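What follows is one structure encoded as structure tokens, with my remarks underneath.
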Amino acid sequence: MSKNEKKKVVTPKIECNVVDCMHNCIENSTCRLDSIKVCNCTGDKYAKQEDGTACSSYNFAGDLNEEGISGRD
């Protein structure tokens, strides 16, 4: 990196529209926490579809979540 190049700093943010949560910054709909845990709503290991989780960003990963492909179990 040259002296003239500035290192790009990425500031992650959690967008949230749950206004009755004490961690919500209502002005810009962001969460003040550094991280959150999202669970599925069904109690199963897999959500299987969007309404099986409280995460509105859920997108079915298909084979990507199989242990042999991703190393995840």
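The values are calculated or read from the model by the stated rules, or taken from the named source; none is laboratory data. Values in this document were obtained by computation on a predicted structure and should not be read as measured data. Note: areas computed on protein heavy atoms with side chains; ligands, DNA, RNA excluded. Shrake-Rupley method; radii C 1.70, N 1.55, O 1.52, S 1.80 Å.
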Taking θ = phi - 60°, what integer Hz values does the Karplus form 6.51 cos²θ - 1.76 cosθ + 1.60 yield along the range 13-24, in sequence order, with x for Gly and Pro? 9, 10, 7, 8, 10, 8, 6, 8, 8, 5, 8, 7
What do you reckon, how do VAL9, VAL19 stack up by accessible area (1.4 Å probe), largest on top? VAL9, VAL19
Could you name the lysines whose alpha carbon sits less than 19 Å from that of LYS45, not counting residues in the same chain fewer than 8 places away? LYS37
Amide H to amide H, which residues 5 or more places from ILE14 or on other chains are under 5 Å from it, using H placed in the peptide plane? CYS31
